[in-house]
Amino acid sequence: MTANIMFRLMIKAVKHPIQSILYFPSWLDKELKFSEYSKAGNKGERLVIKDWQQVINSSDPITLAHIQRYRWVLPLVKNDIMLLDNGCGSGYGAYYLATQGVGKVVGVDLSKDAIRFARRHYQAENLMFMIMDACELQFNPGTFDAVVSFDVLEHIPFELKGKFISEIFRILKPDGTLYIGCPNGPAPGIHNPFHYDLSKEEFNKLLSRHFKDISFLGQALEINGVRQERDWYNHLPFKLSLEDLVIVEWDSDPVFGLIAIARK
């Protein structure tokens, strides 16, 4: 991490103290980290998981939220023949799906370092990783039965978000489905300096340019069986378990994550 990046993060921490508590421990963790800039020059966070089984019992909320999305989507894509993980990052999610029943999984990411890491740490006969721009997919129309894309859309600049969705629509089969998630922009408490977040209304407007059958869910927090709403972010600096995170039908802005199922 360069001195310039560290200085920018310190300024953000002063403006958003909760954020500083939430993100900095993960950057310093021995097993998983965020990299503010990949060596390919693409700005953004990157969650690095070296062993899926080890992080199942993690107490880090960011890690748990990431892996929960892949666990949630697995039953919905398990019988698909061809699946694309668009913006696969370090490859942990693509590997999980490939080894849990999906026919063939292709993971693409713009970062050479991320794909190099994925190829080294996650290998399966039905899994392939490729260096590719998520907004310029090098696949023929109608190639994939399903596309998953979690924690990617928020890193795409506003002017390219439409292109990102149109490319996914193009490479989906006529009966294909997109499973996509991003942070909920209006949610109180956390403002990530590396995100171009969306509200549910903006998310719907973006998807509905191509998809007509769209349903929304929310990623929320539940402590001792009680759904956390306006004060959910107060729990994030503390230890959580995977069972504390829930995916529910979208009903209010306080959910910290948005998930959409868009059918072609």
Identify the residue in segment 118-156 that is assigned to a strand (DSSP E or B) and of a type in the set (Gly, Ala, Ser) and, among all such residues, is farthest from the chain's Cα centre (by Cα).
ALA146
Given (1) closer than 28 Å to LEU221 by Cβ; (2) at pLDDT 90 or above, index of the condition GLN123 fails:
(1)
Six or more apart or on different chains, Cβ atoms under 9 Å: show the pairs whose first residue is in segment 83-111 and at positive phi and free of Cβ contacts under 8 Å to residues at least 60 places away in the same chain and whose second is of a type in the set (D, E, K, R) and surrounded by 24 or more Cβ atoms within 10 Å (Cβ to Cβ).
GLY91/ASP85; GLY91/ASP109
Would you pick out the residues in segment 37-66 that are at pLDDT below 50, part of a loop (DSSP other than H, G, I, E, B) and out of contact with any Phe, Trp or Tyr (no Cβ under 7 Å at 6 or more places or on another chain)?
SER38, LYS39, ALA40, GLY41, ASN42
Could we say that GLN123 is among the polar types (S, T, N, Q) and touching a Lys or Arg at 6+ places or on another chain (Cβ under 8 Å) here?
no
Among the residues of segment 68-82, which ones are closer than 12 Å to ALA98 by Cα and touching a Leu at 6+ places or on another chain (Cβ under 6 Å)?
VAL77
Filter segment 96-117 for residues that are part of a helix (DSSP H, G or I) and in contact with a helix residue (DSSP H, G or I) (Cβ under 9 Å, 6 or more places away or on another chain); the one that is surrounded by the fewest Cβ atoms within 10 Å (Cβ to Cβ) is TYR96
Which of (1) at pLDDT 95 or above; (2) in a loop (DSSP other than H, G, I, E, B) does THR177 not meet, given it meets every other one?
(2)
Does segment 232-246 contain at least one residue that is surrounded by 18 or more Cβ atoms within 10 Å (Cβ to Cβ) and at pLDDT 90 or above?
no
Matching residues in segment 73-84 - criterion: being at pLDDT below 95 and over 19 Å from PHE129 (Cβ atoms)
LYS78, ASN79
Any chance ALA118 is among the small types (Gly, Ala, Ser) and farther than 23 Å from ARG263 by Cα:
yes
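The values are calculated or read from the model by the stated rules, or taken from the named source; none is laboratory data. Fair warning: this is a prediction, and the values are worked out from it, not measured in the lab. Note that each Cβ is placed from the backbone with ideal geometry, even for glycine, and that neighbours are counted across all protein chains shown.
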